[in-house]
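Q: My structure is below; once you've seen it, I'll send some questions.
Where a number appears in this text, it was derived from the coordinates with a stated rule and is not lab data. Quantities reported herein were computed from a predicted structural model and do not represent experimental measurements. Quick reminder, even Gly has a Cβ in these numbers, built from the backbone with ideal geometry, and neighbours come from all protein chains shown.
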């Protein structure tokens, strides 16, 4: 078992060199992260570590129907993602559980070589609705899981009248998601100040002028999505240095042990993060979280919520791969992934619909206090707050791409793309 999910791994008699990377005895998959990025060493390393741990866990049980899993771990280091994708295109059966910040820059290559994927996350507009791609917890361009906005409006109604964003110069990493949040926020009663603060993603010599601009603008609540690292750390320190301590609201990439370890002085105590995954702190209440932590401990892996995403992705991939048996092809995987309409990763995440690329309508809020994260809302540990209204229908002007009738990005579609067959 993994949480509430029967393990998809075990012995069996599957045979055949059915597709690239598949033999009688093995399945070769690609995975990875951006851990070699010099500006933020170890970036998303927990994603690669998670898949590494899951491969070891699965192979110890007998692999998938008796085939052992061989993992090719790639380090895109943010800027080398297309080179990584070209390498994976030549050898691997599928991409599984990966998380590349600049995945948009490699999407044409991925689609061009029909490299199907079950990613830990899809960051760019085209990968988020890309063909041959099924996320365990989807984040498509046209549907936005936004539980934190109505939840924060309920908890801090006095602060949503002055809301704004920490923009950066690397639009493909931060601005795509900000544009969707900006479209959704007014629906939930937020007033956007448009302070127009744009930080160089690769660092600033002095952060105080940017902090002062926010202070002059009067922002009481600021959306952050750069993640822990020098850019965001220095910005929050600069805000504190001028005596301004607004509420910071962010997505799941903010919830990490690294950010908690950084907050020794408590200047990040106003950080609140949306979660569709069970937090690590709830391991005693949620068996799937405990299983994830134990699996990663066995490989000395870094752990955080992004690692949970990769673990859930691996389990989704492995569950469908088991169903394919001796007919393990990319076509079979896509046929069956498209049929998965309720997925929780054994209890790791809120129910989502990978087959229809539909995000969960549930969420919880994590708060940072000192060097500790804790569930802030709802108060009952292990519980999500769910409501259909928490999924926002994003206007086409904020998609960042064009979708066809099947809600698939049309940008890189070609005649050889693999579609689900009944």
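Q: Can you tell me how the range 156-203 classifies by the Cα gyration tensor, rounded, prolate or oblate, using a/c under 1.5 as the rounded cut?
A: Working: a/c = 3.15, a/b = 1.83, b/c = 1.72.
The shape class here is prolate.
Q: Once you keep just the Cα pairs under 8 angstrom separated by 6 or more residues, what percentage relative contact order results for the chain? Don't skip to the end; give the middle numbers.
A: Numbers: 965 pairs, mean separation 92.7, N = 422.
Computed over the chain, the figure is 22 percent.
Q: First check a/c for the range 1-96, with a ≥ b ≥ c the square roots of the eigenvalues of its C-alpha gyration tensor; if it is under 1.5, answer rounded, and if not, answer prolate when a/b is larger than b/c or oblate otherwise.
A: Values: a/c = 3.55, a/b = 1.52, b/c = 2.34.
Oblate is the answer for the range 1-96, as a/c is 1.5 or above yet b/c matches or exceeds a/b.
Q: Most mobile of 143, 328, 170 per a Gaussian network model of the chain (Cα springs, under 10 Å)?
A: With Cα springs under 10 Å in the chain, the top fluctuation among 143, 328, 170 is at 170.
Q: Another question about this same structure. Hey, what's the Cα Rg ratio for the range 100-141 versus the globular rule of thumb, 2.2 N^0.38 Å? Walk me through the intermediate numbers first.
A: On the way: Rg = 9.0 Å, N = 42, 2.2 N^0.38 = 9.1 Å.
In units of the 2.2 N^0.38 Å rule of thumb, it is 0.99.
Q: Let me ask something else about it. Given Cα pairs under 8 Å that are at least 6 residues apart, what percent is the relative contact order of the range 148-275? Could the numbers behind the result be given before it?
A: Values: 181 pairs, mean separation 31.2, N = 128.
Averaging sequence separation for qualifying contacts and normalising by length gives 24 percent for the range 148-275.
Q: Also: Express in whole angstrom the spacing between the alpha-carbon centres of the range 233-281 and the range 1-50.
A: First find each Cα centre; the distance between them is then 31 Å.
Q: Relative to the longest principal axis of the chain, what angle (0 to 90°, nearest 10) does the C-alpha long axis of helix 171-184 take?
A: 70
Q: Of all the Cα-Cα pairs you can form in the range 338-422, what percent are over 16 Å apart?
A: Beyond 16 Å sits 69 percent of the P(r) for the range 338-422.
Q: Additional query: Rank the residues 337, 199 as a footprinting-exposure proxy: fewest other Cβ atoms within 10 Å of their Cβ go first.
A: Values: 337 24, 199 20.
Listing 337, 199 from fewest to most nearby Cβ atoms yields 199, 337.
Q: Report, to the nearest 10°, how far helix 208-217 tilts away from the longest principal axis of the Cα atoms in the chain, using its own Cα long axis and a range of 0 to 90°.
A: The helix 208-217 is inclined about 70 degrees to the chain.
Q: Determine by what factor the alpha-carbon radius of gyration of the range 129-235 differs from 2.2 N^0.38 Å, reporting the quotient. Don't skip to the end; give the middle numbers.
A: On the way: Rg = 15.0 Å, N = 107, 2.2 N^0.38 = 13.0 Å.
It is 1.15.
Q: Taking the number of other C-beta atoms within 10 Å as the exposure measure, put 312, 374, 256, 147 in order starting with the fewest.
A: Details: 312 33, 374 12, 256 24, 147 27.
Arranged by neighbour count, lowest to highest, 312, 374, 256, 147 become 374, 256, 147, 312.
Q: For the range 195-341, what's the radius of gyration and Dmax over Cα atoms, in angstrom?
A: Calculated on Cα positions, Rg and Dmax stand at 20.3, 64 Å.
Q: Who wins for biggest fluctuation among 117, 20, 158 in a Gaussian network model of the chain, springs between alpha carbons below 10 Å?
A: It is 158.
Q: Here's another thing I want to ask about it. Classify the range 312-388 as rounded, prolate or oblate from the Cα gyration tensor: take a ≥ b ≥ c as the square roots of its eigenvalues, call it rounded if a/c is under 1.5, otherwise prolate when a/b beats b/c and oblate if not. All intermediate terms of the calculation are to be shown ahead of the outcome.
A: Values: a/c = 3.79, a/b = 2.34, b/c = 1.62.
Here the range 312-388 falls in the prolate category.
Q: A further question follows. Along each of its three principal axes, how wide is the spread of alpha-carbon positions in the range 267-422, in whole angstrom units, largest first?
A: 53, 43, 26
Q: What order do you get for 156, 392 when you list them from fewest to most C-beta neighbours inside 10 Å? Write down the numbers at each step before the final one.
A: Values: 156 14, 392 22.
Final ranking by Cβ density, sparse to dense: 156, 392.
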